[in-house]
1. Quick one: order Y86, Y111 from most to least accessible surface, probe 1.4 Å.
2. For segment 1-41, what value does the Rg/Rh ratio take when both radii are computed over Cα atoms and Rh is the Kirkwood radius, given to two decimals?
3. For a Förster distance of 22 Å, can you work out the FRET efficiency between the beta-carbons of T182 and I40, rounded to the nearest 0.05?
4. What FRET efficiency, computed as 1/(1 + (r/R0)^6) with R0 = 30 Å and r the Cβ-Cβ distance, is obtained for R196 and K217, rounded to the nearest 0.05?
5. Report the equivalent ellipsoid semi-axes for segment 64-150 in whole Å, largest first, defined as the square roots of five times the eigenvalues of the gyration tensor built from alpha carbon atoms.
6. Cross-link list K46/K94; K21/K120; K145/K202: which exceed 20 angstrom alpha carbon to alpha carbon?
7. Normalising by the residue count of segment 68-126, find the relative contact order in percent from Cα pairs under 8 Å and 6+ residues apart.
8. Express the C-alpha Rg of segment 116-253 as a ratio against the empirical globular expectation 2.2 N^0.38 Å, rounded to two decimals.
Amino acid sequence: ALRKAICLAEDQAFIRQELKKRSLAAFVSDGAILPRESGISSRPMKNSVPFVSPENLRISMDLPHRGTITGMGIPCGITLIVGGGYHGKSTLLKALESGVYNHIPGDGREYVITDETAVKLRAEDGRSINHVDISLFIRDLPNKKDTTCFSTADASGSTSQAAAVIESIEAGTRAFLIDEDTSATNFMLRDDLMQRIVSRDKEPITPFIERARDLYKQAGISTVLVAGSSGAYFFIADTIIQMDAYRPFDITE
């Protein structure tokens with residue numbers, strides 16, 4: 001049992017090194033069991049659909065102990081995960097979120113590996129913020145409050161998410177994981193009609209969708225984003241994965 005655990009840990013460490021060499025943000029092995037038994041259990045769900053990687057994104061790795069494995073490599077850049085409700089989008093993101101850690105044998109996600117610096121971003125209404133420069137996203141507030149050194153004991157959804165982005169950049173992250181469901185909508189995007197009604201000089205928030213490309217090009221920070229309601233994200237994505245009945249399909253083209 002000890003030898004098995006050591007071999008698995010060494011294989012997982014090998015995959016982490018391969019991510020850097022191959023410019024990947026994450027890897028999900030074929031046959032992985034991503035769903036959990038319940039919201040309060042870490043055990044794999046029985047009779048769930050094993051993961052099968054899309055052909056276009058399938059890569060293989062020769063591990064020191066396990067040998068050759070195949071799976072989906074998520075390239076660095078902006079990756080969009082789309083699909084209908086209950087088709088497995090958030091389950092995939094949740095697996096990627098916990099992929100910063102190594103899993104024990106029998107977990108089902110032993111070879112689901114994410115860049116170890118990856119951070120899950122979400123809106124956290126009511127959180128405290130201390131002296132964070134959120135001016136990349138929020139500036140020119142009506143109350144003239146300085147957003148280059150912003151503090152509050154009770155943040156809104158958008159300011160809390162803006163602060164989380166900046167704090168993660170300062171901590172050295174190389175990947176953001178975002179689920180549209182747990183994000184502040186006004187922080188993530190503004191559609192054309194809203195931009196016509198509320199002019200730029202009246203809107204202090206620069207949405208994430210306008211910054212994601214620069215975050216990757218200038219700071220090397222990838223984004224993996226789950227979206228189910230807005231098509232606006234398609235235009236900034238490098239890779240688009242559609243979840244259909246728990247099966248991923250590369251629909252980028």
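The values are calculated or read from the model by the stated rules, or taken from the named source; none is laboratory data. Keep in mind that what you see is a predicted model, and the values were worked out from it rather than measured. Here the Cβ positions follow ideal geometry from the backbone for every residue, glycine too, while neighbour counts run over all protein chains shown. Heads up: the accessible areas ignore ligands, DNA and RNA and are worked out on the full protein's heavy atoms, side chains in. Shrake-Rupley method; radii C 1.70, N 1.55, O 1.52, S 1.80 Å.
1. Details: Y86 210, Y111 30 Å².
Sorted descending by solvent-accessible area, the residues read Y86, Y111.
2. On the way: Rg = 13.4 Å, Rh = 12.4 Å.
With Rg and the Kirkwood Rh in hand, the quotient comes to 1.08.
3. Values: r = 18 Å, r/R0 = 0.82.
Calculated transfer efficiency: 0.75.
4. Values: r = 28 Å, r/R0 = 0.94.
My answer for the efficiency is 0.60.
5. 37, 16, 13
6. Details: K46/K94 18 Å; K21/K120 23 Å; K145/K202 15 Å.
Long pairs (Cα-Cα over 20 Å): K21/K120.
7. Numbers: 32 pairs, mean separation 13.9, N = 59.
Relative contact order, segment 68-126: 24 percent.
8. Values: Rg = 15.5 Å, N = 138, 2.2 N^0.38 = 14.3 Å.
Dividing the Cα radius of gyration by 2.2 N^0.38 Å gives 1.09.
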